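Undergrad: Sharing a structure with you now.
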Amino acid sequence: MTLQTSIPFKRLLSTCILMTCGIAGCTTSNPATDSTQSQAATAPQEVKNPVVPSYPGIRIDGSSTVFPISELMVKQYRQAEGDKAGTIDIQFSGTGGGFKKFCAGETDINNASRPILKEEMEACGKVGVRFYELPIAFDALTLVVNPRNTWAKDITVAELKKIWEPAAQGKITNWKQVRDSYPDRPLKLYGAGKDSGTFDYFNEVTTGKPKESRTDYTASEDDNELVAGVLKDPNALGYFGLSYYEAKQNELKALAVDDGKGRGAILPSRETVEKAQYRPFSRPLFIYVNITAAQRKPELQAFVEYYLKNAKQLVTQVGYIPLPDEGYQLTTLHFYQGKVGTVFEGVPQPDLTIAELLRKQAVF
């Protein structure tokens with residue numbers, strides 16, 4: 001994959017030398033490393049009496065978008081390790097719902113389709129839950145209609161705002177209200193539930209605020225339910241992750257998206273995400289790992305190491321876009337070095353490209 005970036009990424013990466021590492025920290029032979037870098041490479045000191053998952057094994061929750069990746073990872077890990085894999089429980093309750101559990105010390109890993117927010121960081125901080133933020137793939141949030149919809153082939157971000165903003169509730173209910181050339185047909189909406197990171201991301205892009213959306217639509221944290229709804233409804237318009245669309249692409253129709261910046265309408269695909277063409281609905285996906293749990297549970301450390309080592313191969317199998325090799329090298333480096341926290345300042349940052357994510361990770 002070729003990435004367009006104004007920062008010499010390999011030079012940034014070369015300042016971080018990955019040597020013999022463990023969860024307690026890393027050593028480096030780079031004589032240019034300054035005191036700040038040395039501090040960053042030291043394992044974080046544990047806070048007093050942090051809330052730590054006390055059950056045996058590993059618990060994973062969070063995003064339904066990231067769920068297929070982690071589910072496949074668990075399956076492959078069990079096959080590779082057998083009994084040594086131990087007990088791994090994986091569920092999904094949406095990114096936001098998952099962070100509520102994660103920041104209460106109820107889970108070891110939270111799957112996330114958006115970065116952690118300030119209020120979630122504060123909730124984690126109150127009980128001493130510190131975390132690794134580990135990007136593992138990219139996704140393309142996809143706008144879909146039923147194949148019996150013969151009139152819509154593309155949609156603009158401005159039209160999406162018109163449809164989904166709170167003021168549209170009970171008022172924008174017909175396809176013709178979206179675009180004059182569309183027929184006089186009822187508009188039926190399907191989208192993410194309020195605990196979903198996809199809900200936050202979609203609203204940030206369309207209405208400008210992650211929690212601002214009309215509520216008179218069919219909502220679910222389970223993307224499979226949204227897929228089923230659109231499949232049954234010829235008047236439907238819905239949104240969910242690219243992998244859920246690709247699993248049913250012979251039965252669904254994706255709309256090209258025009259962001260209004262002169263690029264025209266672009267269909268979601270691995271290629272258009274890699275080339276930073278499908279905007280503003282391409283986004284990074286993450287796992288967040290409880291640091292103290294990883295320090296205390298060898299089985300959790302081993303699973304995360306396996307996850308990062310095999311992410312590039314496995315994310316492709318379930319329809320997501322892998323990071324370039326440098327991305328996984330940085331993610332692994334941050335895990336071994338004990339890099340605490342987030343590079344996103346706790347605020348939504350939509351329309352992020354792969355190259356922009358790599359720049360953030362390189363200077364973390």
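The values are calculated or read from the model by the stated rules, or taken from the named source; none is laboratory data. Just so it is clear, the structure is predicted and the values come from calculations on it, not from any experiment. All Cβ positions, even for glycine, are placed from backbone atoms using ideal geometry, and neighbour counts span all protein chains on display.
Undergrad: Among the residues of segment 322-364, write down those that are surrounded by fewer than 21 Cβ atoms within 10 Å (Cβ to Cβ), among the small types (G, A, S) and part of a loop (DSSP other than H, G, I, E, B).
TA: G341, G346
Undergrad: Would you point out which residue out of Y328, Y288, Y307 is touching an Asp or Glu at 6+ places or on another chain (Cβ under 8 Å) and either closer than 26 Å to L117 by Cβ or polar (S, T, N, Q) (or both)?
TA: Of Y328, Y288, Y307, the one residue that is touching an Asp or Glu at 6+ places or on another chain (Cβ under 8 Å) and either closer than 26 Å to L117 by Cβ or polar (S, T, N, Q) (or both) is Y288.
Undergrad: May I pose another question? Quick one: V127 ticks every box in (1) surrounded by 16 or more Cβ atoms within 10 Å (Cβ to Cβ); (2) under 21 Å from L117 (Cβ atoms) except a single one, so which number is it?
TA: Single failed check for V127: (1).
Undergrad: Name the residue, out of V340, V347, that is within 16 Å of V205 (Cα to Cα), assigned by TED's automatic domain parsing to the domain that holds T95 and of a type in the set (A, V, I, L, M).
TA: Being within 16 Å of V205 (Cα to Cα), assigned by TED's automatic domain parsing to the domain that holds T95 and of a type in the set (A, V, I, L, M) holds for just one of V340, V347, which is V347.
Undergrad: From (1) buried (at least 23 other Cβ atoms within 10 Å of the Cβ); (2) modelled with pLDDT of 95 or more; (3) under 28 Å from C124 (Cα atoms), pick out the condition that doesn't hold for A302.
TA: Answer for A302: the failing condition is (1).
Undergrad: Further, regarding this structure: Within the group V289, V227, V257, V273, which residue is assigned to a helix (DSSP H, G or I) and buried (at least 22 other Cβ atoms within 10 Å of the Cβ)?
TA: V273
Undergrad: So which residues in segment 168-196 are assigned to a helix (DSSP H, G or I) and free of Cβ contacts under 8 Å to residues at least 40 places away in the same chain, if there are any at all?
TA: K176, Q177, V178
Undergrad: If you don't mind, another one. Please go through (1) within 25 Å of the chain's Cα centre (by Cα); (2) over 22 Å from E212 (Cβ atoms); (3) not aromatic (F, W, Y) for A152 and return the number of the only condition it doesn't satisfy.
TA: All conditions are met except number (1).
Undergrad: While we're on this one: Could you go through segment 146-154 and let me know if any residue there is in a strand (DSSP E or B) and either out of contact with any helix residue (DSSP H, G or I) (no Cβ under 8 Å at 6 or more places or on another chain) or surrounded by 19 or more Cβ atoms within 10 Å (Cβ to Cβ) (or both).
TA: Yes, segment 146-154 contains at least one residue that is in a strand (DSSP E or B) and either out of contact with any helix residue (DSSP H, G or I) (no Cβ under 8 Å at 6 or more places or on another chain) or surrounded by 19 or more Cβ atoms within 10 Å (Cβ to Cβ) (or both).
Undergrad: Same structure, new question: Going through segment 55-69 one residue at a time, which ones are surrounded by fewer than 24 Cβ atoms within 10 Å (Cβ to Cβ), at pLDDT 95 or above and farther than 19 Å from G319 by Cα?
TA: Scanning segment 55-69 gives a single hit, R59.
Undergrad: Quick check: is even one residue across segment 270-280 outside the structural domain of V178 (by TED's automatic domain parsing) and aliphatic (A, V, I, L, M)?
TA: yes
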